[in-house]
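The values are calculated or read from the model by the stated rules, or taken from the named source; none is laboratory data. Not measured: the values here are computed from a predicted model. Cβ: placed from backbone, ideal geometry, glycine included. Neighbour counts: every protein chain shown. Ligands, DNA and RNA are excluded from the accessible area calculation, which covers all protein heavy atoms including side chains. Shrake-Rupley method; radii C 1.70, N 1.55, O 1.52, S 1.80 Å.
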Amino acid sequence: MSRPQQITVLGATGSIGLSTLDVIARHPERYQVFALSGFTRLSELLALCVRHVPQFAVVPEAIAARGLQDDLRAAGLPTRVLVGEEGLCQVASAPEVDAVMAAIVGAAGLRPTLAAVEAGKKILLANKEALVMSGALFMQAVRKSGSVLLPIDSEHNAIFQCMPQDFARGLSSVGVRRILLTASGGPFRQTPMAELAHVSPDQACAHPNWSMGRKISVDSASMMNKGLELIEACWLFDAKPAQVEVVIHPQSVIHSLVDYVDGSVLAQLGNPDMRTPIANALAWPERIDSGVAPLDLFAVARLDFEAPDEQRFPCLRLARQAAEAGDSAPAMLNAANEVAVAAFLDGRVRYLEIASIIEEVLSLEPVVALDDLDAVFTADAKARILAEQWLSRHGR
Ligand code: NDP
Ligand code: MG
């Protein structure tokens, strides 16, 4: 029997990280944890190290690293602790590693994910922000290294499963007319518009179907998540923004669809549990048990669809405009959104102001070409400064 695959989980303490470790633990003969990373939840990281005995753990700074290293030694574990972005890049690209789960949230995930791409690893991509920021450079690096890039985002994993194997030849040459990207509509799909001005972070994070980290939960409430996913789909499947249509489907049972020129529409269905796309990508092209219960269509009973309302969800409009503008626009959109969402979660801005901040940032900066990673981070930094300026101008 072949040796178990060595897996690095970046963002192990998060929602996707924990679901990944749940699937891995079901298949010890197939997968072994090589490295885990955490950022603030370091006692959880220690517990994960005790359970999975990785060779490396990565934390953001030296004092935390010393504390964790002492605890690991006291527990009799061989795990070595590395520090910061350099540590993340090291465990993402180490020669022993077969696959990297990229599940750090936000722009912080970009460099380590790219390090894994450049080392030719199999990439399980949850960190959609990395692709939104630097899509052209990212996909160029994938082609250069020959990395296998597998989407974890449930919609993109669904699209991947419904696409023909040779979709890289171009959508029109494989007979694909449109990608139908489904969205639940989040917790505010039917909230009276007048109430949206006063919704709280906890209300925004109470997603009707999915349990996720707080940043992506707010993105789902504003539908910025679907906007980021539209951009993500364009890069993953070489689609134009106009070829990706957003469909609100409140039950989150259909995870997305592909519409072919002969009138066939293929969909992937399943219970809303991220362990399905994670297991799909881990084992691809094989299939393994994910621990997810079989879909009970009689319990689901009905599937509804509606068009998104851009008045209610201005972030979706802003993201589509950024997708169409291309170049630096998606990176600026993403960075402004990260600042705005963090401020909303801190209680410093109101929910409706998230879109206002992003709209202002995008209107103030011209779109420029992103020829290298420095240009990506410059665009990201500019957008963050402009968003912070909005906050200070409004006394937040
Ligand atoms: P969580 O907030 O639950 O987890 C984020 C992870 O990243 C944690 O391990 C966190 O560490 C770590 N982290 C946070 N900030 C930093 C930083 N600056 N540097 C290094 N590590 C950091 O998020 P999710 O698991 O929900 O999401 C992860 C990614 O997956 C996101 O990009 C999201 O868009 C995407 N995704 C998530 C889905 C979901 O169902 N949750 C679905 C589809 C995509 P710590 O917890 O220790 O602070
Ligand atoms: Mg998704």
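If you place +1 on the Cβ of every Lys and Arg and -1 on the Cβ of every Asp and Glu, how big does the dipole about the Cα centre of the stretch 5-151 come out, in debye to the nearest 20? It would help to have the intermediate numbers written out before the result.
Values: 13 positive and 12 negative charges, 57 e Å.
Using Cβ point charges on Lys, Arg, Asp and Glu, the stretch 5-151 gives about 280 debye.
So what's the back-of-envelope 222 nm ellipticity for the chain, counting only DSSP H runs of four-plus at -39500 (n - 2.57) apiece and dividing by all residues, rounded to 500?
Values: 16 runs with 186 residues, N = 396.
Dividing the helical sum by the residues of the chain leaves -14500 deg cm²/dmol.
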Exercise. Could you tell me whether the chain comes out rounded, prolate or oblate from its Cα gyration tensor? Rule is a ≥ b ≥ c as square roots of the eigenvalues, rounded for a/c under 1.5, then prolate if a/b exceeds b/c, otherwise oblate.
Key: rounded
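Restrict the search to the stretch 1-104; then list the GluC sites (Glu not before Pro) that DSSP places in a loop and that have at most 10 other Cβ atoms within 10 Å of their Cβ.
29, 61
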Self-check item: Solvent-accessible area per residue, Å², over the stretch 5-151 with all protein chains present [probe radius 1.4 Å]
Solution: 39
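Based on Cβ point charges of +1 for Lys and Arg and -1 for Asp and Glu, what charge dipole magnitude is obtained for the stretch 190-321 about its Cα centre, in debye rounded to the nearest 20? Mind showing how you got there, number by number?
Details: 10 positive and 17 negative charges, 59 e Å.
With only Lys, Arg, Asp and Glu charged at Cβ, the dipole is about 280 debye.
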Quiz prompt | Cβ-based charge dipole, the chain, positive-most Cα from 117, 182, 218 | solution = 117
Exercise. Would you mind working out the magnitude of the charge dipole of the chain relative to its Cα centre, with +1 at each Lys and Arg C-beta and -1 at each Asp and Glu C-beta, to the nearest 20 Debye?
Key: 500
